[in-house]
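A short reminder: the numbers here are calculations on the coordinates, not readings from a lab. Quick caveat, the model's predicted, so the values are computed rather than measured. Backbone-built Cβ (ideal geometry, glycine too); neighbour counts: all protein chains shown.
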Amino acid sequence: MPEISVIVPVYRAEAFLRKCTESILAQTMGELEVLLIDDGSPDGSGALCDQIAGEDSRVRVFHKENGGVSSARNLGMAQARGTYLSFVD
């Protein structure tokens, strides 16, 4: 079980999503999971989330209809496996 779950609400984030996730995954914390919550983004963010998850097993992706950042965070919290939660948005 990961110690920290990092929840990233994603909406129109295609331009900076890769750099964001690379920064999170480069942390020295060994037991880490990253939850990318695609909040119905109209750009290519959802596909990029899937691509990033395919490259690193610590990343999980959830796609949902647009409901706003609070809705995305709530989904992330419901799916988190870590002892501690962190949010990056």
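Please verify whether region 46-69 includes one or more residues that are among the aromatic types (Phe, Trp, Tyr) and in contact with a helix residue (DSSP H, G or I) (Cβ under 8 Å, 6 or more places away or on another chain). Looking for residues that are among the aromatic types (Phe, Trp, Tyr) and in contact with a helix residue (DSSP H, G or I) (Cβ under 8 Å, 6 or more places away or on another chain), one finds at least one in region 46-69, hence yes.
Would you be able to say whether some residue in region 7-24 is on the phi < 0 side of the Ramachandran plot, aliphatic (A, V, I, L, M), assigned to a helix (DSSP H, G or I) and in contact with an Asp or Glu (Cβ under 6 Å, 6 or more places away or on another chain)? Looking for residues that are on the phi < 0 side of the Ramachandran plot, aliphatic (A, V, I, L, M), assigned to a helix (DSSP H, G or I) and in contact with an Asp or Glu (Cβ under 6 Å, 6 or more places away or on another chain), one finds none in region 7-24, hence no. The set of residues in region 8-23 being hydrophobic (A, V, I, L, M, F, W, C) and surrounded by fewer than 21 Cβ atoms within 10 Å (Cβ to Cβ) consists of Ala15, Phe16, Cys20. Filtered by the rule that a residue be touching a residue at least 60 places away in the same chain (Cβ under 8 Å) and among the aromatic types (Phe, Trp, Tyr), region 5-27 gives a lone residue, Tyr11. Going by the structure shown, is Gly76 more than 10 Å from the chain's Cα centre (by Cα) and on the phi < 0 side of the Ramachandran plot? No, not satisfied. Applying the selection to region 36-85, what residues are part of a loop (DSSP other than H, G, I, E, B), touching a residue at least 60 places away in the same chain (Cβ under 8 Å) and exposed (fewer than 14 other Cβ atoms within 10 Å of the Cβ)? Arg81, Thr83 - these are the residues of region 36-85 that are part of a loop (DSSP other than H, G, I, E, B), touching a residue at least 60 places away in the same chain (Cβ under 8 Å) and exposed (fewer than 14 other Cβ atoms within 10 Å of the Cβ).
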